[in-house]
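So the structure is just underneath, and the comments pick up after that.
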Amino acid sequence: MKSTHGGRALKTIHTGNHDALEQHYEKIEAYMAAHGFEATGPPWDVWISDPGSTPEDELVTHAFFPLGPVS
């Protein structure tokens with residue numbers, strides 16, 4: 001059985017080709033570092049649009065980065 005993150009998370013929205021998600025992650029990780037956020041686990045994606053029927057430049061993906069407790 002798998003469990004999901006049960007706490008705060010930073011949500012971002014990526015629009016465009018899924019091949020560019022790695023660059024999107026790098027920008028978000030830089031933002032998190034600059035603002036004192038630390039991921040407590042791996043990020044996860046939710047594909048909002050269907051890659052089989054949506055043009056690549058219109059794909060929408062929500063990416064979540066789990067965050068630790070506020071200190």
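The values are calculated or read from the model by the stated rules, or taken from the named source; none is laboratory data. These numbers were taken from a predicted model, which means no experiment stands behind them. Counting neighbours? That spans all protein chains shown, and the Cβs are built from the backbone with ideal geometry, glycine included.
Being farther than 17 Å from residue 9 by Cβ and surrounded by 13 or more Cβ atoms within 10 Å (Cβ to Cβ) holds for only one residue in 40, 54, and it is 54. Would you confirm whether any residue within region 14-22 is modelled with pLDDT of 95 or more and under 13 Å from the mean Cα position of the chain (by Cα)? Yes, that holds for at least one residue. Scanning region 8-37 for residues that are surrounded by 11 or more Cβ atoms within 10 Å (Cβ to Cβ), in a loop (DSSP other than H, G, I, E, B) and small (Gly, Ala, Ser) yields a single hit, 16.
Scanning region 38-48 turns up no residue that is touching an Asp or Glu at 6+ places or on another chain (Cβ under 7 Å), outside any loop (DSSP other than H, G, I, E, B) and in contact (Cβ under 8 Å) with a residue 24 or more places away in the chain. Only one of the numbered conditions (1) over 12 Å from the mean Cα position of the chain (by Cα); (2) in contact (Cβ under 8 Å) with a residue 12 or more places away in the chain; (3) within 15 Å of residue 16 (Cα to Cα) is not met by residue 53, and that is (2).
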